[in-house]
1. May I ask you to list the lysines whose Cα is less than 20 Å away from that of Lys105, ignoring any residue fewer than eight positions away on the same chain?
2. For region 6-166, what's the radius of gyration and Dmax over Cα atoms, in angstrom?
3. Region 21-123: which trypsin sites (Lys or Arg not before Pro) are DSSP loop and have at most 12 other beta-carbon atoms within 10 angstrom?
4. Compute the long axis of helix 212-224 from its Cα atoms, compare it with the longest principal axis of the Cα atoms of the chain, and write down the angle in degrees, 0 to 90, nearest 10.
5. Using the Cα centre of region 1-96 as the reference point, and only Cβ charges (+1 on K/R, -1 on D/E), how large is the resulting charge dipole? Debye, rounded to the nearest 20.
6. Mind checking the dipole of region 74-150: about its Cα centre, +1 per Lys or Arg Cβ, -1 per Asp or Glu Cβ, Debye to the nearest 20?
7. From the C-alpha coordinates alone, can you work out the Kirkwood hydrodynamic radius of region 160-215, in Å?
8. Which order results if Trp275, Trp310, Trp85, Trp288 are arranged by neighbouring Cβ count within 10 Å, fewest first?
Amino acid sequence: MSDTKILIIGAGGQIGTVLSEKLCEIYGKANVFATDLKPNLEKNILALDVLDKDALSQIIKDNKINEIYHLAAILSATGEKNPKWAWDVNMGGLFNVFESAVEFKVNKVFYPSTIAVFGEEIPLQNTPNHIPLIPATVYGISKVAGELWASYFYNKFGLDVRSIRYPGVIGYQTLAGGGTTDYAVDIFHSNAKNELYQCFLSEDTTLPMIFIDDCIRATIEIMQAPIDQIKVRTSYNIAGVSFSPKEIYEAILKFNPNFKIEYKPDFRQAIAISWPQSIDDSLAKNDWGWKPNFDLDEMTKIMIQEVAKWYHTSNN
Ligand code: NAD
Ligand code: AKB
């Protein structure tokens, strides 16, 4: 029986859905408490608003939680529509998690950051881990602040916060949650429905992305790494695979030569071009052994197969 008692906050989202399942497999269902603003009894997701500090504290105390995965956030595109709300959720939620974790002596906290922390004054290729962080979105600003608070809580209170800057995550289990990289999930749904895909980024907008299996493995690997391997206390860059809308479209065409796309860039184009095109993840590789497994073709094959199942079952 595992001694690890895990709380996942934001478990109903794109990453949380898959991470919760994986953590249940590793640590046992009885040791994983999946929560979200939107509860889902079928998926064992309990109601928790991370902005409600008393409710958060109660759940940590009652269940003797010693690890937290804090995923709840408002992503880049949604955040730009309501910046103050995005700031309140992203910062208020994080503060509640860090303060409660210190109060109840939680061993480890996972806090995902993002490629959205980058902005002006970066090399777009192989963007290094340590470089000025001048993001263009409220989401990026909140994640830069979050990284700095993670480092502060580690240095001041010894709270073992571990963080990764995820690229755009591509998975088939859910739709994506209001980001600029969502097109790379949406495109597979249009393909499965034999619809024309209207892409909200221009055809040559290259961005760093990662397949969901690599994303989840990275998360578990950094959390399981011995503490002396975690040397970056803000957040680690990790790379998966970089591509443009044109390149992913061409990868899908190999499976469906009739698939059609048109490009209608909207406000997300300006966000996308402020982000890196590829990421230097040498610190994650050296410190805790990070290595991605999926390239564009392998990921495309799995996405096409799995997204097709959405439209052949009545579950979604
Ligand atoms: P998502 O939007 O799919 O899921 C977020 C979940 O948080 C949702 O289920 C939502 O209901 C929940 N939530 C929102 N407000 C809440 C609140 N007040 N209390 C509790 N739950 C609340 O997001 P995701 O894609 O799963 O992202 C998870 C984390 O990973 C986020 O912190 C995000 O910044 C980070 N991240 C994601 C990506 C990506 O491409 N998906 C890339 C980089 C970083
Ligand atoms: C978004 O596009 O906002 C997210 C991210 C890269 O953080 N997918």
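1. Lys5, Lys53, Lys61, Lys64, Lys156
2. Reported Rg and Dmax, both Å: 15.7, 47.
3. Details: sites: Lys22, Lys29, Lys43, Lys53, Lys61, Lys64, Lys81, Lys84, Lys105, Lys108; in loops: Lys64, Lys105.
Of the trypsin sites (Lys or Arg not before Pro), the ones in loops of region 21-123 whose Cβ has at most 12 other Cβ atoms within 10 Å are Lys64, Lys105.
4. The helix 212-224 is inclined about 20 degrees to the chain.
5. The calculated dipole for region 1-96 is roughly 20 debye.
6. Details: 5 positive and 7 negative charges, 39 e Å.
My answer is approximately 180 debye.
7. Details: mean 1/r = 0.0795 Å⁻¹.
After inverting the mean inverse Cα-Cα distance, the result is 12.6 Å.
8. Values: Trp275 29, Trp310 16, Trp85 13, Trp288 20.
By the 10 Å Cβ count, ascending, the order reads Trp85, Trp310, Trp288, Trp275.
Readers should treat all values here as calculations from the given coordinates under stated rules, not as data from a laboratory. All values reported here derive from a predicted model rather than from experimental measurement. Cβ: placed from backbone, ideal geometry, glycine included. Neighbour counts: every protein chain shown.
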